[in-house]
Amino acid sequence: RWPVKSTSRARDGLYVFDGLRRLHDAQLAAVQGASVQTDSGQQAKPNRAKLDAANYIRLGPLGRAFASETKTVVLIDEIDKADIDFPNDLLNELDERYYVEEETGMRVDAKQRPIVIVTSNDEKALPDAFLRRCVFHYIDFPDVARLRQILAAHFIDLSDEVAMLVIARFQ
């Protein structure tokens, strides 16, 4: 699941590079006798191999799906909350099934094509180039009878009177 926010970037779904941590480790490595804290919390002498950019990359939801040996489903939730360029920034990676890590120059190919499900509240128009690659399933807002069923599933002892008040307030 990849919940999208207004600050989300398309690349974050593939990977995030922790440049600050790498810089910190490099500065510590430059100081004679300095030690760095490992992921397990122990102190260790810095190692040049540890400063390799690949060690500072954390895969995002789509990056993990590309790395998976099995078929994976990725839910990009509420894509319309992101910047207007966000959907288009994913087009090449989704079409070509690979991406390049800028920091390492490494090409990462998807081992399996992920199934990508995208939700939108239709608050913002999505780019045509993105929409042409989508299959749509529009879910109508539930009618009163369906809302009553939903309430009954969550609140077993809810009276009809209270349920109708809740539905009226909700609508």
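The values are calculated or read from the model by the stated rules, or taken from the named source; none is laboratory data. Keep in mind the model is a prediction, meaning the values are calculated, not measured. SASA here: full protein model, heavy atoms, side chains in, ligands and nucleic acids out. Shrake-Rupley method; radii C 1.70, N 1.55, O 1.52, S 1.80 Å.
How much accessible area per residue does the chain have, counting only protein heavy atoms and a probe of 1.4 Å, in square angstrom?
69 Å²
Over the chain, what is the relative contact order in percent, taking alpha-carbon pairs closer than 8 angstrom and at least six residues apart? If you can, show how the numbers build up before the last one.
Details: 214 pairs, mean separation 40.2, N = 171.
RCO, the chain: 23 percent.
Pick from ASP157, ASP140, ASP89: which residue has the top mean-square fluctuation in a GNM of the chain where Cα pairs under 10 Å get a spring?
ASP157
In the chain, what is the count of Lys pairs whose alpha carbons are under 21 Å apart, counting only pairs at least 8 residues apart or on separate chains? Could you put the intermediate results ahead of the total?
On the way: LYS5/LYS81; LYS5/LYS124; LYS71/LYS111; LYS81/LYS124.
Counting lysine pairs in the chain gives 4.
Run the 1.4 Å probe and let me know the accessible area of SER6, rounded to the nearest 10 Å².
Near enough 90 Å² of accessible area.
How would the stretch 60-171 be classified by its alpha-carbon gyration tensor: rounded, prolate or oblate, with rounded meaning a/c under 1.5 and the a/b versus b/c comparison settling the rest? Walk me through the numbers on the way to the answer.
Details: a/c = 3.42, a/b = 2.30, b/c = 1.48.
In terms of gyration-tensor shape, prolate.
Taking just the C-alpha trace of the stretch 113-171, give me its Rg and Dmax in Å.
Final numbers for Rg and Dmax: 17.2, 50 Å.
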